Amino acid sequence: MNSTMVIALAGMLGLALLGASGRRARARAHDLGDWTVGGRSFSTLTSWFLQAGEFFTTFSFLGFAGLAFSGGVAAVYALGYLALGLIPMYFLAPRFWKLGRDHGYVTQADFFTERFRSPLLGKVVAVVGAVFLLPYLQLQITGLGVIVQLATGSHSGAQLSMVLATALTAAFVLLAGIRGIARAAYAKDVLMVGALVLLLVAVPLGVSGGFGGLFSGIQHTRPELLTLRQDGLDATWFCCAMLISSIGTGFNTMPHLWPALLSARSGRALQKNYVWLPLYQIALAIPIVIGFAGALVLPRGTAPNDALLTMAGHALPGWLVGVVAVAAAGAAMVPSAAIVMGISSLVSHNLLPRGLGGRARLRANHATVLVAAGLALLLGLTRPDLLANLLLLTFGGLAQLAPATLAGLRAEVRLGAAPALLGIVTGVAVLGWLTFGGVDLGSVDAGLVALVPNIAVTWAAHLLLRQPAPLPDPAAEPATSRP
C-alpha cells in the first residue's frame, strides 16, 4: 500500500472520528428530531459550514474540472447558479425556518403535510424525495472511488475506499446525526479550500507560460473552449442549466438540505449565511481553471472526470496528492452523510405509521440509513452506470416540487392538496417520459419543460376543484329585507 493510499484512508478515518465526536448524551440519543435538526440551536458559523458542506460535493472537484476540460466556458454556469439561487432563499429561508419551529418540521415532507393539511401529499413528496436522492448518493460514493483510483493508481484500493468510506459515513451519521455532519463539515471545508488553493498554485506552473499563459494558450490551440457553440453545450444549455439549478436552490427543493436549514438558531442566522455563501463560488472557479490547464496538457482522449486529479498527480508529490484525495473524499463523505440522513428521515418520519413509538421509529430510521448506504455502495461497485439516466432526473425531478412549495409559503394557503399533488405527479411523469422516451429536446433541459405542464395542471385543477362561495338562501333572509 503506497503512501498516497495510507494518507487517503487515514484522512477518511479522521473525518469519521470527528463526525462521531458530535454524539449527544444518552438522554437525547433516542430523539429523532434532535438527531435530524439538532434542537434548532446551531449558530451562524455552524450553519455556514453545514450548508456549505452539503452544497459542495465530489462534482465540485471532478465534475466542474471535467466540464471545463471537455466543454470549456460552459462550466462557468456553476459560478452563477448558486449565487442566483441564494437570492430568493435570503427572503424565503426565515419563513421556512419559522414554520419549521412553530410546527415541529423535521423533513421537507412535513412542510407539505402541514401546509396543505394532507398526509397523502406529504407521503408522496417523501417518496419522490427518497427516490431522487438515491442516485445522488450513489454519485458521491462512485465519485470517491474514482478519486482514490486516480490518486493511487489502484483499482482494488478504490473499491476498498468506497466500502470503508460508506461504512465510516454510515457509522458517524448513526452515532451523531446532524451534529456529526456539522463537525465533519468544518474539517472538510478547510481541507477542500486548502487543496484547491494548492492546486491553483501548483498546476499552472506546469503549463508553458504559467498562469498568465494558460488562457492565451487556450485561445491559440483550443479556441472552441472559449465559446458556447459546442454540440450539447451551447448557450441554450448554459441558460437552462443555470435556471434549473437556481430553481432547485432558490425554492429549497432538495430534501437533504432541509435539516441544515431547520437546525439553525434563527432565520437571521440563515440570512447571514446566504449573504456570504456565494463566496464559495470563488473556490469553484479553481477546478474550472484546472480543467482548462488539462485541456492544454492532457491527451484529448482523457476522461473528463480524470482531469483534475491527473493534473494534480503531474504537479504534486505523492503525499500532497494524498492530501488532495482526503479533501476530495471529504467532499464525498459529508454530502453522502446529509443525503443518507435526508432519505432515512423521510422514510422513518413520513412513511411509517404515526403510532410508532420514538425508539422504534429511530431504530427504523437507523435501519434505513444502512439500507440506503448499502444499496448505493452495491450499485457503485457492481453497476456504476445503472443509475446514470436517473441521475439526470434528480435536479429536474425535485424541481417539480417548486410550484407547490411556493404556494405553501403563503400565510393562508389557497392551493388545495389535490391540485398540488396532480401538478407534482404530472411534472415527474412528463420528465420521465422526456428522459426515457427518446424525446429529443436538443439543449433544452427536460426538467424545465416538465415544469410547464406541472404548473398548467396545478392551475387548472385549482380552478376546477376550488369550492365556490355558497349562494344565499332566500328562506334564511330576515323578514325586514322583504318588501
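The values are calculated or read from the model by the stated rules, or taken from the named source; none is laboratory data. From a predicted model like this one, the values you see are computed outputs, not experimental measurements. Virtual Cβ from ideal backbone geometry, glycine too; neighbours counted across all protein chains shown. Ligands, DNA and RNA are stripped out before the accessible areas are found, and what is left, the full protein with its side chains, is counted by its heavy atoms. Shrake-Rupley method; radii C 1.70, N 1.55, O 1.52, S 1.80 Å.
Touching a residue at least 24 places away in the same chain (Cβ under 8 Å), within 30 Å of residue 357 (Cα to Cα) and open to solvent by less than 10 Å² (accessible area, probe 1.4 Å) - does that describe any residue in the stretch 59-73? So far as the stretch 59-73 goes, no, none of its residues is touching a residue at least 24 places away in the same chain (Cβ under 8 Å), within 30 Å of residue 357 (Cα to Cα) and open to solvent by less than 10 Å² (accessible area, probe 1.4 Å). Listed by first and then second residue, the pairs linking a residue in the stretch 416-431 that is under 16 Å from residue 406 (Cα atoms) to a residue that is crowded, with 22+ Cβ neighbours inside 10 Å and β-branched (Val, Ile, Thr), with Cβ atoms under 8 Å apart and 6 or more places separating them unless they lie on different chains, are 419/458; 420/458; 422/458; 423/458; 424/125; 424/128. Inside the stretch 423-440, can you point out the residues that are at negative phi and over 25 Å from the mean Cα position of the chain (by Cα)? Passing the criteria: 437, 439, 440. Just one of the listed residues (287, 335) is touching an Asp or Glu at 6+ places or on another chain (Cβ under 9 Å), closer than 24 Å to residue 76 by Cα and either of a type in the set (A, V, I, L, M, F, W, C) or crowded, with 24+ Cβ neighbours inside 10 Å (or both), namely 335. For the stretch 213-234, filtered to residues that are free of Cβ contacts under 8 Å to residues at least 40 places away in the same chain and under 26 Å from residue 448 (Cα atoms), the residue that is least open to solvent (accessible area, probe 1.4 Å) is 231. None of 150, 144, 139, 160 is within 17 Å of residue 372 (Cβ to Cβ), open to solvent by 40 Å² or more (accessible area, probe 1.4 Å) and of a type outside the set (Gly, Ala, Ser) except 139.
One line per residue, one yes/no per condition, for (1) acidic (Asp, Glu); (2) closer than 30 Å to residue 87 by Cβ:
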position: 189; (1), (2): yes, yes
position: 207; (1), (2): no, no
position: 226; (1), (2): no, yes
position: 231; (1), (2): yes, no
position: 240; (1), (2): no, yes
position: 245; (1), (2): no, yes
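Kindly establish whether residue 271 is touching a helix residue (DSSP H, G or I) at 6+ places or on another chain (Cβ under 6 Å), part of a helix (DSSP H, G or I), polar (S, T, N, Q) and under 30 Å from residue 223 (Cα atoms). Taking the combined requirement at face value, the residue does not satisfy it. Figure legend. Inter-residue proximity from the stretch 126-148: first residues under 27 Å from residue 105 (Cβ atoms), second residues among the acidic types (Asp, Glu), beta-carbon distance below 6 Å, spacing 6+ or different chains. No pairs are indicated. Scoring residue 116 on the criteria (1) open to solvent by 40 Å² or more (accessible area, probe 1.4 Å); (2) closer than 18 Å to residue 346 by Cβ leaves a single failure, condition (1). Pick from 305, 273: which is in contact with a strand residue (DSSP E or B) (Cβ under 9 Å, 6 or more places away or on another chain), touching a residue at least 60 places away in the same chain (Cβ under 8 Å) and surrounded by 22 or more Cβ atoms within 10 Å (Cβ to Cβ)? Criteria check complete, one pass: 273.
Of the residues contained in the stretch 12-20, none is found to be out of contact with any His (no Cβ under 6 Å at 6 or more places or on another chain), at positive phi, open to solvent by 10 Å² or more (accessible area, probe 1.4 Å) and touching a residue at least 60 places away in the same chain (Cβ under 8 Å).
Within the stretch 74-92, the residues that satisfy the criterion of being over 15 Å from residue 242 (Cβ atoms), open to solvent by 10 Å² or more (accessible area, probe 1.4 Å) and in contact (Cβ under 8 Å) with a residue 40 or more places away in the chain are 90, 92.
What are the residues in the stretch 330-362 that are at pLDDT 85 or above and over 22 Å from residue 128 (Cβ atoms), if any?
The answer is 330, 331, 332, 333, 334, 360, 362.
Quick grid of which residues meet (1) touching a helix residue (DSSP H, G or I) at 6+ places or on another chain (Cβ under 9 Å); (2) touching a residue at least 24 places away in the same chain (Cβ under 8 Å); (3) surrounded by fewer than 24 Cβ atoms within 10 Å (Cβ to Cβ):
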residue	(1), (2), (3)
282	yes, no, yes
309	yes, yes, no
317	no, no, yes
325	yes, yes, no
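Sort out which residues of the stretch 304-357 are among the hydroxyl-bearing types (Ser, Thr, Tyr) and under 28 Å from residue 374 (Cβ atoms), and write them in order of number. Result: 336, 344, 345, 348. Number of residues in the stretch 349-378 that are in contact (Cβ under 8 Å) with a residue 60 or more places away in the chain, more than 19 Å from the chain's Cα centre (by Cα) and open to solvent by less than 70 Å² (accessible area, probe 1.4 Å): the value is 9.
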